[in-house]
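Every number here is computed from the coordinates shown, using simple stated rules; none is lab data. None of these values were measured; they are calculated from a predicted model. Don't worry about glycine lacking a Cβ; one is built from the backbone with ideal geometry, like all the others, and counts go over all protein chains shown.
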Amino acid sequence: MLMINLINQLPSLLFSDVRNMLGMNERFSLSDRMNSLRITKMELGPIGTNAYLIWEDGGTDAVLIDAPPNSRETVESYLAEKSLELKELWLTHGHWDHMAGAFELLKGDISVIGHRADKMLFEEPGVMSTFAMPGMDFEPVSITKWVEEGDTLNLFGRKVDVFHCPGHCPGNIIFWVKEEKVCFVGDVIFEGSVGRADLPGGDFETLKHSIQTKVYKLPENTEICPGHGGNTTVGRERRNNPFVRPL
Ligand SMILES: [Zn+2]
Ligand SMILES: [Zn+2]
């Protein structure tokens, strides 16, 4: 929690700066393991929120996980560079730093996925404005497909399991792509930390239960792609995370 507070207070880096710092490694391909699936991790918005653009080599369709504020320019430049069309937006949860960029990305027939427990946050994001940056104004997003625990999604032929992991907020969902050994978790868990549970709708015991019974049940070698900060693995967090220990 402390770590994430610190992350949230850091000034955001321009994506180009991040790319330079990392020698373009920000665009990561999980090589052999991922076959032809490509994932671009982008740290965007005023508090450095991770969005993930996913496509297949040779394909024309893209899926975006989370839409931080002011992400349009970066996302659209990637789409143009790769000749991709955004087809689906999967929102891990309804906090403004993950959804407030959606309205300017949604053109045409794009399916938007979210969990109903965050319906109010998606439709009236202004309710969180006291927890946002002063002067920011948020546009709502219309979810076109509500998903629940146990639902499955299709990521270019790969099965994706959806788990409901409340505690950070009521409607955080995580997307587990078993075949690719990767899980997108929003703000449930971070490298060495966990999501804040002190925001409205948050509850630490609920968060702990979500992590212990959902995240920690995934195979140890599953790569965790969080909503802030660096990637980690289920095994590393099971062994080292000081905030939530495995059952
Ligand atoms: Zn959040
Ligand atoms: Zn966040």
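General observations
- Residue 127/residue 212 FRET efficiency (R0 30 Å; Cβ-Cβ; nearest 0.05): 0.55
- Remark: the chain is approximated by an ellipsoid whose semi-axes, taken from the C-alpha gyration tensor as √(5λ), come to 23, 22, 18 Å, largest first.
- Cross-link reach list, lysines versus residue 208, counting only Cα pairs under 20 Å and skipping chain neighbours closer than eight places: 217
- Cβ-defined net charge surrounding residue 90, 12 Å radius [Lys, Arg +1; Asp, Glu -1]: -1
- Placing unit charges on each Cβ (+1 for Lys and Arg, -1 for Asp and Glu) gives segment 2-240 a dipole about its Cα centre, and among 136, 204, 69 the Cα reaching farthest toward its positive end belongs to 204.
- Electrostatic tally near residue 72: other residues with Cβ closer than 14 Å to its Cβ, Lys and Arg +1, Asp and Glu -1, net -4.
- Dipole of the chain computed with +1 at Lys/Arg Cβ and -1 at Asp/Glu Cβ about the Cα centre; of 112, 101, 156, farthest Cα towards the positive end is 156.
- Rounded, prolate or oblate (a/c below 1.5 giving rounded, otherwise prolate when a/b exceeds b/c) for segment 81-186 by Cα gyration tensor: oblate
- Charge dipole (debye, nearest 20) of the chain; +1 at Cβ of Lys and Arg, -1 at Cβ of Asp and Glu: 760
- Structure remark: mean-square fluctuation, Gaussian network model of the chain, C-alpha springs under 10 Å; the largest value among 38, 158, 116 belongs to 158.
- Partners for residue 214 among aspartates and glutamates (Cα-Cα distance below 15 Å; same-chain residues under 8 apart left out): 148, 149, 151, 161, 187, 205, 223, 237
- Cβ-defined net charge surrounding residue 206, 15 Å radius [Lys, Arg +1; Asp, Glu -1]: -3
- Counted residue by residue at 0.36 nm each, then reduced by the alpha carbon distance between them, the extension gain from residue 103 to residue 142 reaches 13.2 nm.
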